[in-house]
Amino acid sequence: MAPHPDTPSSSDWTRTRLSALNAQFEPQSPQVVLDWATTTFGEQLVQGTGFGPSGIVIMHMLSEVCPGATVFYLDTDLLFPETYELRDELEETMDVTITRVHGDLSLDAQAEAEGPALWNRDPDRCCFLRKVRPLQNYLDDRRAWVTGVRRDQSPARADAPILKWESAYQVLKVNPLATWTRKQVWQYLFDHDLPYNPKHDQGYPSLGCVPCTAPVEDADGYTREGRWANSDKTECGLHATTGEE
Ligand code: SF4
């Protein structure tokens, strides 16, 4: 697909400009960041979420800052039934437009081409086929991608900036909750009486695909524990350096 005529390149988001904006936004609220982002990018800004707590908080803020804003999720066909139910509830109650992004590769077609249960044998390849490639295609004509990445989620995310040029997708990544803690996120959810995935009350701090998500005992505070618990893999490859919450 041809690039959008207004699509900025990395040269539009120089290190100096991003550093200045990040310094400006560091002490500001997530709503200030979202207000700037929606004003700057309009309909070319989209929020990506897996309907985790951070994503729901951002969705709620976005619905107030920019009613009707586009929120997308990557449907791998392998999400928990509770996640699909939560999506339906959020669709009914939040003033945002929820969009399903799917790679058009059915589980049967994947098994035929790659063998059964690819997630057990080569999770990077499975994540590429079911998440990364569909995301690349979807973001192709978008300019900004809002994510739920927070610094306290994992060591790999500890340095996540609020704004970051994502060369892999040619978009500006916006992490409005980068400076927030898990406690702040849950406080916001409770203060605004927002729904959340009931699996979080059953020992699942972070929810992805059913085959790659396990409950966690004695979590040490990092909210992405329990994802790909039996391998070294810690990220699905969506976030080139440091994300989907
Ligand atoms: S999280 Fe697991 S099942 Fe989901 S796309 Fe990645 S490897 Fe496949």
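Starting from residues that are open to solvent by 90 Å² or more (accessible area, probe 1.4 Å) and assigned to a loop (DSSP other than H, G, I, E, B), keep the ones in the range 81-137 and report whichever is nearest to residue 60 (Cα to Cα).
This residue is 104.
Taking residue 148 and the conditions (1) part of a helix (DSSP H, G or I); (2) small (Gly, Ala, Ser); (3) within 30 Å of residue 175 (Cα to Cα), which numbered condition does it fall short on, given that it satisfies the others?
Status for residue 148: all satisfied but (1).
Considering only the range 87-104, I want to know if a residue exists there that is over 20 Å from the mean Cα position of the chain (by Cα), within 12 Å of the ligand (Cβ to nearest atom) and farther than 27 Å from residue 195 by Cβ.
no
Scan the range 116-145 residue by residue and report those that are within 7 Å of the ligand (Cβ to nearest atom) and more than 15 Å from the chain's Cα centre (by Cα).
The answer is 118, 119, 123, 126.
Take the conditions out of contact with any Asp or Glu (no Cβ under 8 Å at 6 or more places or on another chain) and either under 16 Å from residue 144 (Cβ atoms) or surrounded by 15 or more Cβ atoms within 10 Å (Cβ to Cβ) (or both) and apply them to residue 32. Does it pass?
yes
The values are calculated or read from the model by the stated rules, or taken from the named source; none is laboratory data. Just so we're clear, the structure is a prediction, and the values are computed from it rather than from any experiment. Backbone-built Cβ (ideal geometry, glycine too); neighbour counts: all protein chains shown. The accessibility values were calculated without ligands, DNA or RNA, using every heavy atom of the protein model including side chains. Shrake-Rupley method; radii C 1.70, N 1.55, O 1.52, S 1.80 Å.
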